[in-house]
Amino acid sequence: MMKPQTLFLLLLLTALQLAAQDTTFGLFRQKEYYFSSSFKLNWYKAVEYCRSRGMFLLSVRNAEERAAVIEYLDSTGYTKTHKGLIAWISANDLGEEGEFHWASTGERVNYQNWSETEPNDYKIDDCNGEDCAILEYWSEGGANYNYTFNDRFCGREYLFICETLPA
């Protein structure tokens, strides 16, 4: 029969080993991230999913936050096994066309990290405009697709990234 202390240590080591293998969650620069690398949702459902986990859809408000997100995504290995990434972030102009705000904080999007010619509110079949933003990366896309923003139709399903906000 095992001593309770030995059993506790074995359980603790097993839990730590399993946690080390899970790259879905990550803690970088005082924020915790969640990346939905295995399923896609539309922008509205992605917002709901993040909130149900006590998190918010990602905001990238400056170059430092962008670097932290890139570091986190690199740690997941996703960009090593996929040539591109399209993931919802919380920026949107649902309130007023052309005025992008972060849904997670209410702040105006001041960090100019848009892909060239974006945001452009491209109309699909002269019907649906693009009011929600994605973070976009293509390994062969150069600077224009190097974790830059692009506006897309909110009803499309993409991967998404959640975050905790600093206190």
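Each residue in the range 133-167 was checked for being open to solvent by less than 10 Å² (accessible area, probe 1.4 Å), more than 13 Å from the chain's Cα centre (by Cα) and of a type in the set (A, V, I, L, M, F, W, C), and 1 pass. Picking from residues in the range 20-48 that are of a type in the set (Phe, Trp, Tyr) and modelled with pLDDT under 90, the one that is farthest from the chain's Cα centre (by Cα) is Phe28. In this structure, does Glu118 turn out to be modelled with pLDDT of 95 or more, over 12 Å from the mean Cα position of the chain (by Cα), of a type outside the set (Ser, Thr, Tyr) and open to solvent by less than 60 Å² (accessible area, probe 1.4 Å)? Spelling it out, it is not the case that Glu118 is modelled with pLDDT of 95 or more, over 12 Å from the mean Cα position of the chain (by Cα), of a type outside the set (Ser, Thr, Tyr) and open to solvent by less than 60 Å² (accessible area, probe 1.4 Å). Would you pick out the residues in the range 122-132 that are surrounded by fewer than 13 Cβ atoms within 10 Å (Cβ to Cβ) and assigned to a loop (DSSP other than H, G, I, E, B)? Selection gives Lys123, Asp125, Asp126, Cys127. There is no residue in the range 60-77 that is modelled with pLDDT of 95 or more and assigned to a strand (DSSP E or B).
Output the number of residues of the range 68-104 satisfying the condition of being among the hydroxyl-bearing types (Ser, Thr, Tyr) and open to solvent by 50 Å² or more (accessible area, probe 1.4 Å). Result for the range 68-104: 2.
The values are calculated or read from the model by the stated rules, or taken from the named source; none is laboratory data. Just so you know, these numbers come straight off a predicted model, no measurement behind them. FYI the Cβ positions are ideal-geometry reconstructions off the backbone, even for glycines, and counts take in every protein chain you see. Heads up: the accessible areas ignore ligands, DNA and RNA and are worked out on the full protein's heavy atoms, side chains in. Shrake-Rupley method; radii C 1.70, N 1.55, O 1.52, S 1.80 Å.
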